[in-house]
Amino acid sequence: MPDVTVWVTKPEGEDVPSLETLGDEVRGLDYVSRVDVQTEGSVLSVSFKGDEAEQEEIELTIRRAGYEIFKVSHRES
């Protein structure tokens, strides 16, 4: 199962959901099995079934919530 770690930034002056709420939105994706939210450092660690298409949908979900993606790291577990 792939794992991806996503560092996000909150745009200045934007009204975006909390990181915990963002984590809940990502958890709502059918293929996501686990999301760990680290508010210090603004990091989401996501375990999911799938490949690049599913990872792109995770990233799109984050962007749609109003966050910018600073960095993405992935590894196979």
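Once segment 32-47 is narrowed to residues that are farther than 16 Å from residue 71 by Cα, in contact (Cβ under 8 Å) with a residue 24 or more places away in the chain and within 11 Å of the chain's Cα centre (by Cα), the residue that is surrounded by the fewest Cβ atoms within 10 Å (Cβ to Cβ) is 47.
Does segment 52-68 contain at least one residue that is among the β-branched types (Val, Ile, Thr), in contact (Cβ under 8 Å) with a residue 40 or more places away in the chain and touching a Lys or Arg at 6+ places or on another chain (Cβ under 9 Å)? Give the derivation first.
Pass one, segment 52-68, residues among the β-branched types (Val, Ile, Thr): 58, 61-62.
If we keep only those that are in contact (Cβ under 8 Å) with a residue 40 or more places away in the chain as well, we get 58, 62.
From what's left, touching a Lys or Arg at 6+ places or on another chain (Cβ under 9 Å): none.
There is no residue in segment 52-68 that is among the β-branched types (Val, Ile, Thr), in contact (Cβ under 8 Å) with a residue 40 or more places away in the chain and touching a Lys or Arg at 6+ places or on another chain (Cβ under 9 Å).
Would you check which residues across segment 27-51 are part of a loop (DSSP other than H, G, I, E, B) and either touching a Ser or Thr at 6+ places or on another chain (Cβ under 8 Å) or not acidic (Asp, Glu) (or both) and list them? Before the answer, list the steps.
Quick first cut of segment 27-51, residues part of a loop (DSSP other than H, G, I, E, B) only: 28-31, 39-42, 49-51.
If the condition is that a residue be part of a loop (DSSP other than H, G, I, E, B) and either touching a Ser or Thr at 6+ places or on another chain (Cβ under 8 Å) or not acidic (Asp, Glu) (or both), then 28, 29, 31, 39, 41, 42, 49, 50 are the ones that fit.
In segment 57-77, the qualifying residues are those that are outside any helix (DSSP H, G or I) and of a type in the set (Asp, Glu), and the one that is nearest to residue 11 (Cα to Cα) is 68.
Among the conditions (1) loosely packed, with under 14 Cβ neighbours inside 10 Å; (2) charged (D, E, K, R); (3) not in a strand (DSSP E or B), residue 54 misses just one, which is (1). Selection of segment 7-31 for residues being farther than 17 Å from residue 53 by Cα and surrounded by 14 or more Cβ atoms within 10 Å (Cβ to Cβ) yields 7, 8, 10, 16, 17, 19, 22, 23, 25. Within the set 32, 46, the sole residue that is under 10 Å from residue 6 (Cβ atoms) and at pLDDT 95 or above turns out to be 46.
The values are calculated or read from the model by the stated rules, or taken from the named source; none is laboratory data. Everything numeric here is computed off the predicted structure, so don't read it as measured data. Neighbour counts run over all protein chains shown; Cβ positions are idealised from the backbone, glycine included.
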